[in-house]
1. Please tell me if Thr68 is touching an Asp or Glu at 6+ places or on another chain (Cβ under 7 Å), within 13 Å of Met1 (Cβ to Cβ), crowded, with 17+ Cβ neighbours inside 10 Å and of a type in the set (S, T, N, Q).
2. Find the residue count for region 17-33, including only residues that are within 18 Å of Asp116 (Cβ to Cβ) and surrounded by fewer than 17 Cβ atoms within 10 Å (Cβ to Cβ).
3. Residue check, Gly123 against (1) over 21 Å from Cys29 (Cα atoms); (2) touching a Cys at 6+ places or on another chain (Cβ under 8 Å); (3) surrounded by fewer than 16 Cβ atoms within 10 Å (Cβ to Cβ), all met but one. Which one?
4. Taking the conditions exactly as written (within 20 Å of Glu156 (Cα to Cα) and free of Cβ contacts under 8 Å to residues at least 24 places away in the same chain), does Asp61 satisfy them or not?
5. If Glu87 meets every condition in (1) acidic (Asp, Glu); (2) surrounded by fewer than 18 Cβ atoms within 10 Å (Cβ to Cβ); (3) closer than 25 Å to Ile202 by Cα apart from one, which number is that one?
6. Are any residues in region 90-105 surrounded by 16 or more Cβ atoms within 10 Å (Cβ to Cβ) and not aliphatic (A, V, I, L, M), and if so, which ones?
7. Do we have any residue at all in region 89-99 that's of a type outside the set (Ser, Thr, Tyr) and assigned to a helix (DSSP H, G or I)?
8. Within region 167-187, count every residue that is assigned to a loop (DSSP other than H, G, I, E, B) and surrounded by 14 or more Cβ atoms within 10 Å (Cβ to Cβ).
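Read-outs: derived from the displayed coordinates by stated rules, not from any lab. Computed from a predicted model, the values in this text were never measured in an experiment. When we count neighbours, we look across all protein chains shown, and the Cβ atoms used for this are built from the backbone with ideal geometry, even at glycine.
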Amino acid sequence: MRVVENFLSLQGEGLKIGRLTYFIRAAGCNLRCSWCDTAFSQDYSVGKEMSIPEVMGLIGDVENVCFTGGEPLEQADAPEFLKALVEAGKTVVLETNGSKDLSIVPDSDRIIISMDIKCPSSGMQDRMFLPNLERLTMKDQLKFVIADEKDLAYAEEFLKQHPVKTNVIFSAVGGISIRFLAEEVVAKKLDVLVLPQLHKLIWGDKQGV
């Protein structure tokens, strides 16, 4: 697989927020979200080609792993890598953009699928692979990154039309200024988690954290 970044940090998002985690960021993405904060990983040629054993050697004895991108499922050996992580006893958060068929992901309680539903501000809302919703369970998470009231209304309507049996997370574009989002969720009594991007609160907008 082609690896753009690898580093040890704290998980900044979702159900595992704050947990010590080893991050593997894969190269290449099939989407071009307007507000993407990892655009440096979109190109398929960036980074370094590495074998699965080489990547496993980087991770070492760290229990929690985040496989992200780019879009990690663009890597042909992504299923094999996920299987290797599970066999090594790792707990894996797979961050995927919602456009890729999740049927290639190994079935394991150790794999937490963190799937996006892109809102209108991203420009990619028509690229979602909706059959994926049926694969999500309560170990997984469905994430909406929200920029404004239009995005919030879109997310609310989406959830009405597509009821899901998984954890729903609302986050703000940029990951930090979530007061508007928090106040709207409270006012509307929405059954979702409102979360910041912890790594940006700690280290700011930089790579490798």
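1. So Thr68 fits the description; yes.
2. 2
3. Exception for Gly123: condition (1).
4. No, not satisfied.
5. Every listed condition holds for Glu87 apart from (3).
6. Residues satisfying the conditions are Lys90, Thr91, Glu95, Thr96, Asn97, Gly98, Ser99, Lys100.
7. No, region 89-99 has no match at all.
8. 5
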